[in-house]
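Engineer: Here it is: the structure, laid out below.
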Amino acid sequence: MAVIEKYFDIVVIGAGHAGCEAALAAARLGLETICFTVSVDSIALMPCNPNIGGTSKGHLVREIDALGGEMGKNIDATFIQSKMLNRSKGPAVHSLRAQADKSEYSRRMRRIMENTDHLTIKQAEVTDLIVEDGICTGVKTLGGGIYHAKAVVLCTGVYLNARCIYGEVSNYTGPNGLQSATHLTDSLKEHGVEMVRFKTGTPARVDGRTVDFSRMEEQLGDERVVPFSFSTNPEDVQIDQVSCWLTYTNEETHEIIRNNLDRSPLYSGMIHGTGPRYCPSIEDKVVRFADKNRHQVFLEPEGLYTNEMYIGGMSSSLPEDVQDAMYHTVPGLEHAKIVRNAYAIEYDCINPIQLNATLEFKNIQNLFSGGQFNGSSGYEEAAAQGLIAGINACMKILGREYLVLDRSESYIGVLIDDLVTKETHEPYRMMTSRAEYRLLLRQDNADLRLRKYGHQVGLVDEETYQALLRKEEQIKAEIERVNNTYVGDSEPVQNLMKQYNSTLLNSGCSLSELIRRPELNYQVLAPIDKHRPELPEDVQEQVSINIKYDGYIKRQMKQVEQFKKMEGRKIPEDLDFNAVGSLRLEAIQKLEAYRPMNLGQASRISGVSPADVSVLLVYLESTGHKG
């Protein structure tokens, strides 16, 4: 029997948010790439919430964009509402969040993929990895095809042995009834990959024509929209936006849920996978937060050309009749017609400690992994990992230096470091609190932090990079000018102080001193700054933030210096931790399992104490490993 046998540089398995970024990165770097998907119609599918960004997740999208990824551009072209969250707080936690037109988001990403040189899309199920002498050299498909490759990137998302469940209904399908992938898990296990079982869930969708919006609070988008991508012209995203709506559950809702917990697969033992603690189902919320008499519920449109509304905050796996009853107790949903039932989905993924910080498997060379398959949750976390996995697969093939971002320079660095050094007992979700240096890792300065890496890798072109360098110069020059520009107690100055309830001046004062006042900023001082140059909005924003938070930023930069010293102390790949005297047994076991790249990474492994790190440092120095 004839067998199809083809050769590529890179094979990407999966075309969700991780797979799209991995495949696009590889193809844009000139490597012949094939991207497998169980359905071409599911490219960049949003099976759950119809939005991109949010607290900390908006940071990830900005960072993906700075590195040359596609997610930010795609949402800028397909959003229907946008908001900057946490505006009342400091800039470190400002995060963009945009409602997407789900169909358009997927359709545009597919169009980008289909029209990218060096990229082939193939609808087929990958069933086997080809591994020879510990090196992954390709894959086999269900149809018998053999696809040789120099590197393979796993981005299977939630499709491996996927099972969708609500009540007593259990279907072995992927999200939205799509085909699941039922063979690859066995191949992975045969090659020594440790698998785990996680779950996530999604709420019901209702027909918007049957919703009483008069009983809900309208949620509007920002008056002035800020784009996700640094390449998007801000004027292009000032559109007429749709509304979202806020309502609440109540005691009647909770009583229905409590009375039917025995019928919930989550509590009956029918679901075995571990769910995300930070995105619980409504059953979990009612049980875990029994003192709360209501929970927020957001009604979000799924697109401009559908009446479907997403019921945010009420994911569930309860039976259909219970769902029908509980949703109808929510104000505004009394007569809502359910279009799609809520369901939970179980799936196979890996224990991510099997990966290096490059997202390459430690025990299988040339095999990389990204996305929810690595034990994370969320579109943004997936896309970030897919991009890094795709880039590093290319760097491996091209014989170039890997791209490993650390915790002090990016949320992506925090995300990947957490996955590969900390035990993941549930789907990992990014949060601003996970980043120790979040004042430096703001969403507004992602380009200033990471564009250089995108340029070094080859995903950011020279023109874009030169524009960044000009921006840096403009910021530096303007900060210098503002630091050395003084104003006195003239009438215009005092009037401005009164306008913003700021203390009047008794003598001369620099503009930078005024900017540091809580009630003032760079922008509002324009009327008394006679020689101010014309500068883009993003440059003005950086000037204001850098001056206002100068003291805090310098303090955090000193902390980063100490962090960098630890990260700079490399640990040899072949180091036998059993040979390091005075290390505790638990530390030896953990260090052997995780194989950290440096002392900093070693210090973050659960079970490795500061004393163990000190012992390791002394050993490295005594044996000539200076880092």
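Engineer: Determine the pairs where a residue that is of a type in the set (Val, Ile, Thr), located within region 516-545, has a partner that is surrounded by 12 or more Cβ atoms within 10 Å (Cβ to Cβ) and assigned to a loop (DSSP other than H, G, I, E, B) with Cβ atoms under 8 Å apart, the partner being 6 or more residues away or on another chain.
Structural biologist: Going by the 8 Å Cβ cut-off, the qualifying pairs are VAL524/TYR500; VAL543/TYR522; VAL543/LEU535; ILE545/ARG442.
Engineer: While we're on this one: Tell me which of these SER544 doesn't satisfy, since it passes every other one: (1) among the hydroxyl-bearing types (Ser, Thr, Tyr); (2) open to solvent by 70 Å² or more (accessible area, probe 1.4 Å); (3) under 25 Å from PHE230 (Cβ atoms).
Structural biologist: Unmet for SER544, out of (1) among the hydroxyl-bearing types (Ser, Thr, Tyr); (2) open to solvent by 70 Å² or more (accessible area, probe 1.4 Å); (3) under 25 Å from PHE230 (Cβ atoms): (2).
Engineer: Could I ask something else about it? Inspect all residues belonging to region 163-183 and state whether any of them is modelled with pLDDT of 95 or more and open to solvent by less than 40 Å² (accessible area, probe 1.4 Å).
Structural biologist: no
Engineer: Another question about this same structure. Just checking: which of the helices (runs of 4 or more DSSP H) contained wholly in region 456-524 hold 2 or more residues that are of a type outside the set (Ser, Thr, Tyr) and surrounded by fewer than 16 Cβ atoms within 10 Å (Cβ to Cβ)?
Structural biologist: Numbers: elements: 462-483, 491-499, 511-515.
The qualifying helices (runs of 4 or more DSSP H) are 462-483, 491-499.
Engineer: Can I ask one more? Would you mind stating whether CYS155 is surrounded by 18 or more Cβ atoms within 10 Å (Cβ to Cβ), modelled with pLDDT of 95 or more and in contact with a Leu (Cβ under 8 Å, 6 or more places away or on another chain)? Can you show your working first?
Structural biologist: On the way: surrounded by 18 or more Cβ atoms within 10 Å (Cβ to Cβ): yes; modelled with pLDDT of 95 or more: yes; in contact with a Leu (Cβ under 8 Å, 6 or more places away or on another chain): no.
So CYS155 does not fit the description; no.
Yes or no, residue by residue, for (1) under 24 Å from ALA44 (Cβ atoms); (2) touching a residue at least 60 places away in the same chain (Cβ under 8 Å); (3) outside the structural domain of GLU519 (by TED's automatic domain parsing):
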| site | (1), (2), (3) |
| --- | --- |
| ALA92 | no, yes, yes |
| ARG97 | yes, no, yes |
| HIS118 | yes, yes, yes |
| LYS140 | no, no, yes |
| HIS148 | no, yes, yes |
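Engineer: For region 398-427, enumerate the residues that are part of a loop (DSSP other than H, G, I, E, B) and at pLDDT 95 or above. Outline the logic, then answer.
Structural biologist: Applying the first criterion (part of a loop (DSSP other than H, G, I, E, B)) to region 398-427 yields 399-410, 422-427.
Within region 398-427, GLY399, ARG400, GLU401, TYR402, LEU403, VAL404, LEU405, GLU409, SER410 qualify.
Engineer: Working carefully through the options VAL543, VAL580, VAL608, VAL618, find the one that is β-branched (Val, Ile, Thr) and under 29 Å from GLU480 (Cα atoms). Break it down stepwise before answering.
Structural biologist: Working: VAL580 fails: under 29 Å from GLU480 (Cα atoms); VAL608 fails: under 29 Å from GLU480 (Cα atoms); VAL618 fails: under 29 Å from GLU480 (Cα atoms).
Within the list VAL543, VAL580, VAL608, VAL618, the selection yields VAL543.
Engineer: Give the residue, chosen from SER82, SER103, SER88, that is open to solvent by less than 20 Å² (accessible area, probe 1.4 Å) and either assigned by TED's automatic domain parsing to the domain that holds VAL38 or among the aliphatic types (A, V, I, L, M) (or both).
Structural biologist: The unique qualifying residue is SER82.
The values are calculated or read from the model by the stated rules, or taken from the named source; none is laboratory data. These numbers come from a predicted model, not from an experiment. Positions of Cβ are backbone-derived with ideal geometry, glycine not excepted, and every protein chain shown enters the neighbour counts. The protein model used for the area step is the full one, side chains on, heavy atoms only, and it has no ligands, DNA or RNA in it. Shrake-Rupley method; radii C 1.70, N 1.55, O 1.52, S 1.80 Å.
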